[in-house]
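> Can you read through this structure? Questions will come right after.
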Amino acid sequence: MNISLAAEPLFHLGSFPVTNSLLVSWVVLFLLVIIGFAVRRKLSLVPRGIQNVVETIFEALLGLMDSVTQNRKQSIKFFPIVVTLFLFVILSNWMGLLPGMGTIGLMKELHGERVLVPFIRAASADLNMTLALAIISVVTVQIFGIATIGLKKYAGKFFVSPLKEPYFIGTFVGILELISELSRLLSYSFRLFGNIFAGEILLTVMLFLAPYLVPLPFLMLEIFVGFVQALVFSILTLVFMKMATVEHAEH
Amino acid sequence: MHELLTQLGVDWKLLIAQIINFLVLLAVLYKFLYKPVISLMNKRSNHIEESLKKAEKIEKNLQETEARKEEILAQARTEAQDIFKKAKAQAEASQKETLKAAKEEISALATKAQQEIDAKKSLAIQEAKNDIADLVVASVKKIVGSNLDQKLNEKLITGIIKDTEKTGA
């Protein structure tokens, strides 16, 4: 049994390490793109088949987003980033639950030890992936904030002159806001990584301890955790986007 | 810091690969899924809204037309009634007039006839009188056998006639 905090490279393309997590995220990308094309091809004003499913899901998601933004136009504006985050994260989480996770792989020499490198590792059980999404999320929030209320007003949320009321308190709060903005990088990435990685370890350990039936409830739990984490990631992004686009109340 | 990140498996190459991965996914899904599906949903809801509005308009138009039809019908009915009343009154008036004229004519005719009858009667009586006088003279001549004085004769006859007239009357 090998537990590695970092995703293990399966092979190298030149100096570029192709890890099992990266491989899985490519598979997720591929699947979603195929679904996208399939829906696009069959799109018609009178919905049929898969289009119905997609529209129902979109409608439900838009409704959920409306409850946060209180504005259908803004919901549609935020829709692509939020929904892509959700779909990518949930599939990345669930991919790690497929049979073969942590068991089927290549025997490789790593750090002087001969260990099993599994083919499947949840894409979100790799800090590179979660950090990448966190960076995208935080950057998108800043972009939407600046685009909606203007650079000057948006920067005014963080950089407050100490000469104006409430003097240094305002400045200090601004700096705190800036830090909280940056700390989201860590909270986003470690929350998702921690949950999914812990789930993987839990399942692997359970599988080694009791191969039959016992891991089943944990598998169910991990399916739920995967959904909740995807929801948390996307809804938090949505909430922060909404907050960034609201002008600071004048004191 | 670098040591920590390496320990956690953060590799800038992989990080960039994952970022590009996600951006590609976002772009593809935006172009092929979100944009067309949402625009389609908007299009459909607009379409339905328009159709509903149109239906409402048609309904309104129908009601208006119905009301106008009703109005025109009512107007036509009152007009027809007016015309009918007028015609009836006219007919009655003309009937009365005709009747009156006929009556007048009849009474005129009757008067004329009466007058003619009276005239003819008196003429007949006159003639009869003359005839009777002649007859009387002749018969008296025959009876008496001799001619009296013409003057006396006539006087006598007239007296007789007057007597007979009195008794005849």
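> With springs connecting C-alpha atoms under 10 Å apart, model chain A as a Gaussian network and identify which of A:I35, A:I143, A:I235 has the largest mean-square fluctuation.
Of A:I35, A:I143, A:I235, the Gaussian network model singles out A:I35 as fluctuating most.
> Using θ = phi - 60° and the Karplus relation 6.51 cos²θ - 1.76 cosθ + 1.60, list the HN-Hα couplings for region B:13-22 in order, rounded to whole Hz, with x at every Gly or Pro.
The phi angles translate into 5, 5, 4, 5, 4, 5, 5, 4, 3, 5 Hz.
> How big is the charge dipole of the protein assembly as shown about its Cα centre, in debye rounded to the nearest 20, if each Lys and Arg gets +1 on its Cβ and each Asp and Glu gets -1 on its Cβ?
Charge dipole, the protein assembly as shown, about its Cα centre: 920 debye, nearest 20.
> Would you mind working out the magnitude of the charge dipole of region B:2-168 relative to its Cα centre, with +1 at each Lys and Arg C-beta and -1 at each Asp and Glu C-beta, to the nearest 20 Debye?
It comes to approximately 140 debye.
> Let me ask you something else. Let me have the 222 nm mean residue ellipticity of chain A computed from DSSP H runs of 4+ only, each contributing -39500 (n - 2.57), with the sum over all residues rounded to the nearest 500.
-23500 deg cm²/dmol, from helical runs alone.
> Students often forget the sequence filter, so: which lysines lie under 29 Å Cα-Cα from B:K13 once same-chain residues fewer than 8 apart are removed?
Correct list for B:K13: A:K108, B:K31.
> Further question: Could you name the lysines in cross-link range of B:K120, using Cα to Cα under 20 Å and dropping any fewer than eight places away on the same chain?
B:K112, B:K129
> Using the crude model of +1 on Lys and Arg Cβ and -1 on Asp and Glu Cβ, and no other charge, please compute the dipole size for region A:1-127 relative to its Cα centre, in debye to 20.
Working: 10 positive and 7 negative charges, 109 e Å.
Once rounded to the nearest 20, the dipole reads 520 debye.
> Within 10 Å of each Cβ in A:30-38, how many Cβ atoms from other chains are there, averaged over the peptide?
Mean shielding by partner chains, rounded to a whole number: 3.
> Amide H neighbours of A:A122 under 5 Å, at least 5 residues apart or on other chains, H built in the peptide plane: list them.
When sequence neighbours closer than 5 places are left aside, the close amide H contacts are A:G96.
> A further question follows. Within a Cβ distance under 15 Å of B:A93, other residues only, what is the Lys/Arg minus Asp/Glu net charge?
Cβ neighbours under 15 Å give a net charge of +3.
> Using modelled amide H (1.01 Å from N, peptide plane; none on Pro or chain starts), what sits under 5 Å from the amide H of A:L106, excluding residues fewer than 5 places away?
Residues meeting the amide H criterion: A:V117, A:F119.
> Let me ask you something else. From the square roots a ≥ b ≥ c of the eigenvalues of the alpha-carbon gyration tensor of the protein assembly as shown, which class results: rounded (a/c under 1.5), prolate (a/b over b/c), or oblate?
Prolate, because a/c is 1.5 or more and a/b exceeds b/c.
> Can you compute 3J(HN,Hα) from phi for each residue in region A:183-195, using the Karplus curve 6.51 cos²θ - 1.76 cosθ + 1.60 with θ = phi - 60°, rounded to whole Hz and x for Gly and Pro?
Values, residue by residue: 5, 4, 3, 6, 5, 4, 5, 6, 5, 5, 4, x, 4 Hz.
> Let me ask another. Long-range amide H contacts for A:V18: which residues qualify at under 5 Å (H placed 1.01 Å from N, peptide plane, sequence gap of 5 or more or a different chain)?
Hits under the 5 Å cutoff: A:L10, A:F11, A:H12, A:L13.
> A further question on this structure: Read phi for every residue in region B:85-95 and hand back ³J(HN,Hα) as whole Hz from Karplus 6.51 cos²θ - 1.76 cosθ + 1.60, θ = phi - 60°, with x for Gly and Pro.
My calculation for region B:85-95 gives 4, 4, 4, 4, 4, 4, 4, 4, 4, 5, 4 Hz in order.
> Here's something else I'd like to know. Mind checking which of B:N21, B:S45, B:A67 is farthest towards the positive end of region B:1-79's charge dipole, using Cβ charges of +1 (Lys, Arg) and -1 (Asp, Glu) about the Cα centre?
B:N21
> Let me ask another. Modelling each spin label as a point 7 Å along the Cα-to-Cβ direction, I'd like the B:H2/A:I235 distance in nm, to one decimal.
Result for the modelled spin labels: 4.1 nm.
> Pick out, from B:I83, B:G159, B:I143, the residue whose Cα sits farthest towards the positive end of the charge dipole of region B:2-168, with +1 on the Cβ of Lys and Arg and -1 on the Cβ of Asp and Glu.
Selected residue: B:I83.
> Further, regarding this structure: Looking at chain B as a GNM with Cα springs under 10 Å, which of B:E154, B:E56, B:E116 has the largest mean-square fluctuation?
B:E154
Laboratory data are not the source of any read-out in this text; all were calculated from the coordinates shown. For clarity, every value in this text was computed on a predicted model and none was experimentally measured. Reconstructed Cβ throughout: ideal geometry from the backbone, glycine too, with neighbour counts over all protein chains shown.
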